[in-house]
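Values in this text are rule-based calculations from the coordinates and carry no lab data. As the structure is a prediction and not an experimental result, all values here were calculated from the model. Here Cβ is always computed from backbone atoms with ideal geometry, including for glycine, and neighbour counts include all displayed protein chains.
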Amino acid sequence: MLATVDALLPLSLLEAVRDVDTPGDLDAEFVDELRNKRLGLSDTVYSQIKRYTDAVKRRQRTPQDDSTALARLIGRRPDAEAVFRAAGRYLARASYMTLSPVTRRLLRFLPSFIARPWALRRLRRLCARHLNGTARRVGGYVLLEVPRSVTLGTAPGSVGCAFYEAALREMLRLLIGSVGSVDHVRCEGRGEGTCEWRADWRSVARE
Ligand SMILES: [Zn+2]
């Protein structure tokens, strides 16, 4: 069976590239000139972003290989890690925004003994849907396991793994309002079978 990922994943990679490559206060003429030089501003990227945005609206899944090809393009850049992190944050925010406004508000304001178990269920669902990952709680930690990483081997060392780490970190910030340490405890890139992250689930800031 063809491996697939939610369309939000490749969209987040492309949005991060566009964002990093978009100059701040430059005039239009110069932007046109840059466009030809920078991947993130090319017409191809714009049309791909449009295509994946439509796919996200239709809740489509896309071939995993397409996302890996995008990750490989990012992996060749000297700023690969920063782009992967930006993409992870983008994905987490867009994923979080699929929750209803009422849910988002209640998660923030209910007492944590009610909100935490609820937040964990949401986290598990969002990680499964948008990251092909499995999140589970073990004691005071949450473990995120990604058996088929899209970014694995697309950049030197474990640089590609920064995408998932940044996504988890941002999801926790949004869902429970606090982030402790997030560690990459197992890495397929080091021959450890799968990529896994461990994050603090104990309250840090809000209790
Ligand atoms: Zn890894």
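Report summary: the helix-based calculation at 222 nm, which adds -39500 (n - 2.57) for every DSSP H run with n ≥ 4 and divides by the residues of the chain, gives -17000 deg cm²/dmol.
For Glu192, the shell of other residues with beta-carbons less than 14 Å away shows a net charge of -1, using +1 for Lys and Arg and -1 for Asp and Glu.
Within the chain, the percentage of alpha carbon pairs spaced more than 31 angstrom apart rounds to 22%. The ranking of Lys57, Lys50 from fewest to most other beta carbons within 10 Å of each one's beta carbon is Lys57, Lys50.
In plain terms, the chain from Ser112 to Arg61 could stretch by 15.0 nm, reckoned as 0.36 nm per residue minus the Cα-Cα distance.
Distance between the modelled labels on Val138 and Asp183, one decimal in nanometres: 1.1 nm (7 Å Cα→Cβ projection). In this simple spin-label approximation, Ala69 and Ser47 carry label points 7 Å from Cα along the Cα→Cβ vector, and these lie 1.3 nm apart.
The dipole here belongs to the chain: it is taken about the Cα centre, uses +1 on the Cβ of Lys and Arg and -1 on the Cβ of Asp and Glu, and is about 1220 debye.
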